[in-house]
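So that we are looking at the same thing, I have put the structure below in structure tokens.
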Amino acid sequence: MIACPSRLIYYIPVVMMAFSLLCGCDYARMKEQEALRTYKTVIPEMPEGTIPTRGGIEIARKSDPKTLQNPLILSQESVARGKTGYETYCLMCHGPNADGNGTVGQSFHPLPTDLRDPKVQAQTDGEIFYKLSFGAKRQPPLAYTIAEEDRWAIVHFIRSLKSPSNG
């Protein structure tokens, strides 16, 4: 019988495990991954103040809100589309009656704007669109959340809230 030192029994599994790990690693392949090579491509810097020439949020942001024109034709369909957008994005603050008494809006002081108010209804479509898109006071900017056409449709819906008594 061959006598084996007791310490050797503990080192053999450790050495075998280290050998297995070292033989199983292929570090060279990491350098060859296509995903890593994409970062070597230099992206040219954009000149400062560059904005899209057609569409784009920056054109609207830099425009005078009073000059923005609603591209959607006022129709029952556009008002219905706006109502759907309002119910999805605005109702929780402005409420089902658009009076600022939504479930979330009740926790605000002052309450969210009553969208039926003559002051709101006296604004141009562009002004309402601008505030809806880029925010105003506590109104969050929704340009990155709601598509442009849907925001214009919401403007049509807000216009439909105007009662004959307020203007």
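Treating only the Cβ of Lys, Arg, Asp and Glu as charged (+1, +1, -1, -1), what charge dipole size does the stretch 58-166 show about its Cα centre? Round to the nearest 20 debye.
Magnitude of the dipole: close to 240 debye.
What's the exposure ranking of 81, 151, going from fewest to most Cβ atoms within 10 Å?
Result, fewest neighbours first: 81, 151.
Residue farthest toward the positive end of the dipole of the stretch 58-166, with Cβ of Lys/Arg at +1 and Asp/Glu at -1: which of 59, 124, 111?
Towards the positive end, the residue furthest out is 111.
Continuing with the same structure: First select every other residue whose beta carbon is under 15 angstrom from the beta carbon of residue 110; then total the charges, Lys and Arg +1, Asp and Glu -1.
Net charge around residue 110: 0.
I've got another one for you. For a quick protection proxy, order the peptides 152-158, 108-114, 129-135, 70-76 by their average other-Cβ count within 10 Å, most packed first.
Ranking, from highest mean packing down: 152-158, 129-135, 108-114, 70-76.
What number results when the radius of gyration of the stretch 58-166, computed over Cα atoms, is divided by 2.2 N^0.38 Å?
0.99
Among 72, 139, 85, flag the residue with its Cα farthest along the positive direction of the charge dipole of the stretch 58-166, charges on Cβ as +1 for Lys/Arg and -1 for Asp/Glu.
Value computed over the given set: 139.
Read the figures in this text as sums done on the coordinates, not as results from a lab. In this text, all values refer to a predicted model and were calculated from it rather than measured experimentally. Note: ideal-geometry Cβ built from the backbone for every residue, glycine included; neighbour counts use all protein chains shown.
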